[in-house]
1. Scan the stretch 113-143 for residues that are of a type outside the set (Gly, Ala, Ser) and within 14 Å of the chain's Cα centre (by Cα) and report the count.
2. Report, by residue number, each residue of the stretch 47-58 that is in contact with an Asp or Glu (Cβ under 9 Å, 6 or more places away or on another chain) and buried (at least 17 other Cβ atoms within 10 Å of the Cβ).
3. I'm trying to understand the selection: among the residues of the stretch 1-26, which are modelled with pLDDT of 95 or more, assigned to a loop (DSSP other than H, G, I, E, B) and in contact with a Leu (Cβ under 7 Å, 6 or more places away or on another chain)?
4. Within the bounds of the stretch 135-148, is there any residue that is touching a helix residue (DSSP H, G or I) at 6+ places or on another chain (Cβ under 6 Å) and either exposed (fewer than 15 other Cβ atoms within 10 Å of the Cβ) or of a type in the set (Lys, Arg) (or both)?
5. Check whether at least one residue in the stretch 37-50 is over 15 Å from the mean Cα position of the chain (by Cα) and not polar (S, T, N, Q), and report yes or no.
6. Give me the strands (runs of 3 or more DSSP E) completely within the stretch 27-136, filtered to those with at least 1 residues that are out of contact with any Lys or Arg (no Cβ under 8 Å at 6 or more places or on another chain) and free of Cβ contacts under 8 Å to residues at least 40 places away in the same chain, ordered by residue number.
Amino acid sequence: MRLHHDQSLLLIVDFQAGLLPVIEGGGAAIDEAAWLAGIANALQVPIWLTEQYPEKLGGTAPVLLNALGEHQIWQKNHFSAMEEAPFAEALAALGPKQIVICGTEAHICVLQSALGLLEAGYQVFWLSEATASRRSDEARFARERACANGAVAVSADMVAYEWLYQCDTPIFKEVHQRFLRPRSARPVTFF
């Protein structure tokens, strides 16, 4: 199945300031999420963020918020965003069928949210290089488990080019000039 920008939502899970200093590869994961969010904004793909118990873990990292255009933030106490009725109801009302998911921690909130989305009938795309945990093994195990249950592992480039679909449109030219560049040219964020 191919991703379609008009059927997608980018879900960025719990990239919170109080958690990120202990996340292995957290800066690189944020950079990938922010890069894809820029393309999502250009294509009018909704961007939703979650924050797990922000009173304790802080809000979304400012470096990510500063890179985002239009977005919506959902606060949650359950590890799975789908267990929060307002979130699940708003997602159903909005109507995307394809959810591109990333964030921290991969083996807790991202995994449980992905499993909840799969149980609810959504197509879930696990944005591999933008999903991290305190230990890289935990992130790998989470991706494997999500994919064993029906999620599809993807890279940010895969998503971007599937959303863009063709190269002879004005939006492709705009996005290509603004966002598409060699991977080595993407900045890495440090905390």
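1. Narrowing the stretch 113-143 to residues of a type outside the set (Gly, Ala, Ser): 115, 117-119, 122-127, 129, 131, 134-135, 137-138, 140-141, 143.
Restricting the remaining residues to those that are within 14 Å of the chain's Cα centre (by Cα) gives 117, 123-127, 129, 131, 143.
So the count comes out to 9.
2. Residues of the stretch 47-58 in contact with an Asp or Glu (Cβ under 9 Å, 6 or more places away or on another chain): 47, 49-52, 57-58.
Hits for the stretch 47-58 are ILE47, LEU49, THR50, GLU51, GLN52.
3. PHE15 - this is the single residue of the stretch 1-26 that is modelled with pLDDT of 95 or more, assigned to a loop (DSSP other than H, G, I, E, B) and in contact with a Leu (Cβ under 7 Å, 6 or more places away or on another chain).
4. No, the stretch 135-148 contains no residue that is touching a helix residue (DSSP H, G or I) at 6+ places or on another chain (Cβ under 6 Å) and either exposed (fewer than 15 other Cβ atoms within 10 Å of the Cβ) or of a type in the set (Lys, Arg) (or both).
5. yes
6. Numbers: elements: 47-52, 72-76, 98-103, 123-131.
Passing ranges, in order: 47-52, 72-76, 123-131.
The values are calculated or read from the model by the stated rules, or taken from the named source; none is laboratory data. From a predicted model like this one, the values you see are computed outputs, not experimental measurements. Every residue, glycine as well, gets a Cβ built from its backbone with ideal geometry; the counts of neighbours run over all protein chains shown.
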